[in-house]
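> What follows is a single structure, and I will ask about it in a moment.
The values are calculated or read from the model by the stated rules, or taken from the named source; none is laboratory data. Everything quoted here is computed from the prediction, not taken from an experiment. Reconstructed Cβ throughout: ideal geometry from the backbone, glycine too, with neighbour counts over all protein chains shown. Each accessible area value is taken on the protein alone, full model and side chains, heavy atoms only, with ligands, DNA and RNA left out. Shrake-Rupley method; radii C 1.70, N 1.55, O 1.52, S 1.80 Å.
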Amino acid sequence: MSGTFVGMPSFPKAAHEAVGNTTLRANLKHATHTIRDKRAKAVAELDDWALLREAGKQIKDHTLRHLDTYLVQLEEAVTAAGGVVHWATDADEANRIVTRLVKETGESEVVKVKSMATQEIGLNEALEEAGIAAYETDLAELIVQLGHDRPSHILVPAIHRNRGEIRDIFTKEMGEWGRPAPEGLTDTPAELAEAARLHLREKFLRAKVGISGANFMVAETGTLVVVESEGNGRMCLTLPETLISVVGIEKIVPTWRDLEVFLQTLPRSSTAERMNPYTSMWTGTTDTDGPQTFHLVLIDNGRTDTLADEVGRQALRCIRCSACLNVCPVYERAGGHAYGSVYPGPIGAILSPQLRGTTSEIDASLPYASSLCGACYEVCPVAIDIPEVLVHLRERVVQGGPATRQGNRVVLKPAKGHAAERAAMRAAGWAFVHPGALRAGQRVASRTRRFHPRTLPGPGRAWSATRDLPQVPAEPFRDWWQRTHGKKESGK
């Protein structure tokens, strides 16, 4: 999988640097608290929210179990409607396909709808190498692109920027990309939005090729769906002569009836709205309206490997609402860049290591980027048990074991740096199956508690450097229980 931010350190190192940035922390705290408070109110309006959540989970699980069937059905429906379907095993193949399709049009620039799939595969960079300019049209993505930055949030990629920073970016960079920012631009939201509208308008009217992702694909009709709040998606999907949609294979739902569930849960979980201002749907091509050529590029890029994992596959239910990011105490303090992936936050901590594997330093560290508080699971509209998958992936990192990579069943080696942890777990496992040794160890620990250090020595420093060691009680639980309840129970 492409999409790793080049040069990124492991999560602990990146997060340690991020938490020292007071501006970043203030921006994140204000934004995430505002979004999650609004979401809570929007969700509370529905008496059947729990039922909708369960329905979304069941639909996604059913679809994943029969993914092969529904993908074939989708291909047949798209083809019958005048579209062309392409299959991409990995990021490189997807980039080659899209680059070739753009070159065949004779164009050297494209406009893009916000798409995490194209960010995942590094499409903009691949197009640039081929001499093709890709212009982001989502406001937040535009800010990121003009600022030569990286996205840090699923829903609001520029969440780490404040209004003053955005004004400076527009003033400095817009002229290099097209229409310059107006003279005397202030940091008021209305003026910033108007500057972006004027800048993008000429690109919409000039572009002959549009590139999109999709929030959902309906197998029974071959329909693709994009939900957004600004109208830029509608422009990209209707004005160009050629439309290329790059979509992960897990974005499929079987029927329109299934789609109805997610059109209720996604807007409430993401933007805290009852429905998205713009819900665009297209099925193939038509002679009288919209693009005359439509290509659908379906990408795997590690998804079938993830599907093979009975515990980890639930990450593929994700509908990219970002609710888990907005409640995560770790994300709020570390920000999205620390995750080294286009998928930040709790969902990124379980999705990226499965799509990319856990061999790199940063991917091996992501399953530990969590306090396991469970808030992410509570707000997930498709009930992904993120803490369960995190623990599962931690075991894979420490112990290694069987996994599927590039369609092949392999045995992973334990990641480096966890030898002490494995030894400690083996010792604990042995003690738990030998009650006498466990009881003796507890008594020794209690009687020597005055001499216990505040931090662990050796490899244990990595754990105690950011945590307080729990104080050992003066009396082991077994002894306390025997003293307070043992005689009563023996007298019965």
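> Taking only Cα atoms, what is the 0 to 90° angle, nearest 10, from helix 67-80's long axis to the longest principal axis of the chain?
Result, in degrees: 10.
> Further, regarding this structure: To the nearest 20 debye, what is the magnitude of the charge dipole of the chain about its Cα centre, counting +1 on the Cβ of each Lys and Arg and -1 on the Cβ of each Asp and Glu?
Dipole magnitude for the chain comes out near 3180 debye.
> Additional query: State whether segment 193-342 is rounded, prolate or oblate according to the following rule on the C-alpha gyration tensor (a ≥ b ≥ c being the square roots of its eigenvalues): a/c under 1.5 gives rounded; otherwise a/b larger than b/c gives prolate, and the remaining case gives oblate.
It is oblate, given that a/c is not under 1.5 and a/b is not larger than b/c.
> Just from its helices, what would the mean residue ellipticity at 222 nm be for the chain, if runs of 4 or more DSSP H residues each count -39500 (n - 2.57) and the sum is divided by every residue, rounded to the nearest 500 deg cm²/dmol?
-14500 deg cm²/dmol
> While we're looking at this one, here's another question. What is the sum of charges around G284, taking Lys and Arg as +1, Asp and Glu as -1, for the other residues whose C-beta is under 13 Å from the C-beta of G284?
For residues surrounding G284, the net value is -4.
> Moving on. Skipping prolines and chain starts, which residues have an amide H placed within reach, meaning under 5 Å, of the one on A133, given they are 5 or more residues away or on another chain?
For A133, whose amide H was placed from the backbone, the distant partners under 5 Å are E109, V110.
> Continuing with this model, one more query. Suppose accessible area is computed on protein heavy atoms with a 1.4 Å probe; arrange D287, D47 from highest to lowest.
Accessible-area ranking of D287, D47, largest first: D47, D287.
> Next up: Throw me the Rg/Rh for segment 141-251, computed over C-alpha atoms with Kirkwood Rh, two decimals.
Ratio value, two decimals: 1.01.
> Could I ask something else about it? Could you work out what % of the accessible surface of the chain is carbon and sulfur, using a 1.4 angstrom probe and leaving DNA, RNA and ligands out of the count?
53 percent
> Would any residue of segment 235-264 have its amide N under 13 Å from a label point 7 Å out along Cα→Cβ of T105? List them or say none.
236-246
> If you don't mind, there's one more thing I want to ask. Using the Kirkwood radius built from alpha carbon pairs, what does the Stokes-Einstein equation give as D for the chain at 25 °C and 0.890 mPa s, in µm² per second?
After rounding, the answer is 99 µm²/s.
> Also, quick follow-up: Return one quarter of the surface area of the convex hull spanned by the alpha-carbon atoms of segment 26-72, equal to its mean projected area, in nm².
5.1 nm²
> Return, for the Cα atoms of segment 66-154, the radius of gyration and Dmax in Å, separated by a comma.
According to the Cα coordinates of segment 66-154, Rg and Dmax are 15.0, 43 Å.
> Given a 1.4 angstrom probe, what's the average accessible area per residue across the chain, in square angstrom?
That works out to 48 Å² for each residue.
> Considering segment 232-272, what Rg and Dmax in Å follow from its alpha-carbon atoms?
Taking only Cα atoms of segment 232-272, I get Rg and Dmax of 13.3, 34 Å.
> For segment 4-54, divide the Cα radius of gyration by the Kirkwood radius and give the resulting Rg/Rh value with two decimals.
Result: Rg/Rh = 1.23.
> Kindly provide the trypsin sites (Lys or Arg not before Pro) of segment 204-292 that DSSP labels as loop, not H, G, I, E or B, and whose Cβ sees at most 12 other Cβ atoms within 10 Å.
R274
> How about the chain: what cysteines have no other cysteine beta carbon under 4.7 Å from their own?
Cys with no partner Cβ under 4.7 Å: C236, C318, C321, C328, C373, C380.
> Over segment 103-201, what is the relative contact order in whole percent, taking alpha-carbon pairs under 8 Å and six or more residues apart?
19 percent
> For every other residue with a beta carbon closer than 15 angstrom to the beta carbon of F432, add +1 if it is Lys or Arg and -1 if Asp or Glu, then tell me the sum.
Result for the neighbourhood of F432: +3.
> In whole Hz, what ³J(HN,Hα) sequence does segment 311-322 give by Karplus (6.51, -1.76, 1.60; θ = phi - 60°), x for Gly and Pro?
8, x, 4, 5, 4, 6, 6, 3, 10, 6, 8, 6
> Note down the relative contact order for segment 1-160 as a percent, whole number, built from C-alpha pairs under 8 angstrom at least six residues apart.
About 22 percent, as a whole number.
> Let me ask you something else. Provide the net charge surrounding A415, with neighbours chosen by a C-beta distance below 12 Å and charges set as Lys +1, Arg +1, Asp -1, Glu -1.
Local net charge: +1.
> Viscosity 1.567 mPa s, temperature 4 °C: give me the Stokes-Einstein translational D for segment 289-363 in µm²/s, with Rh taken as the Kirkwood radius over C-alpha pairs.
92 µm²/s
> When a/c is below 1.5 the answer is rounded, else prolate if a/b is larger than b/c, else oblate, so apply that to segment 1-118 with a ≥ b ≥ c taken from the square roots of the Cα gyration tensor eigenvalues.
Oblate, since a/c reaches 1.5 and b/c is not below a/b.
> Taking every pair of Cα atoms in segment 345-483, average 1/r, invert it to obtain the Kirkwood radius, and report Rg/Rh to two decimals.
1.05
> Once both axes come from the Cα atoms, what is the angle between helix 49-65 and the longest principal axis of the chain, in degrees from 0 to 90, rounded to 10?
80 degrees
> So how long is each side of segment 35-185 along the principal axes, counting just the alpha-carbon atoms, biggest first, in Å?
53, 47, 25
> Let me ask you something else. For the chain, what does the relative contact order come out to in percent, with C-alpha contacts under 8 Å and a separation of six or more?
19 percent
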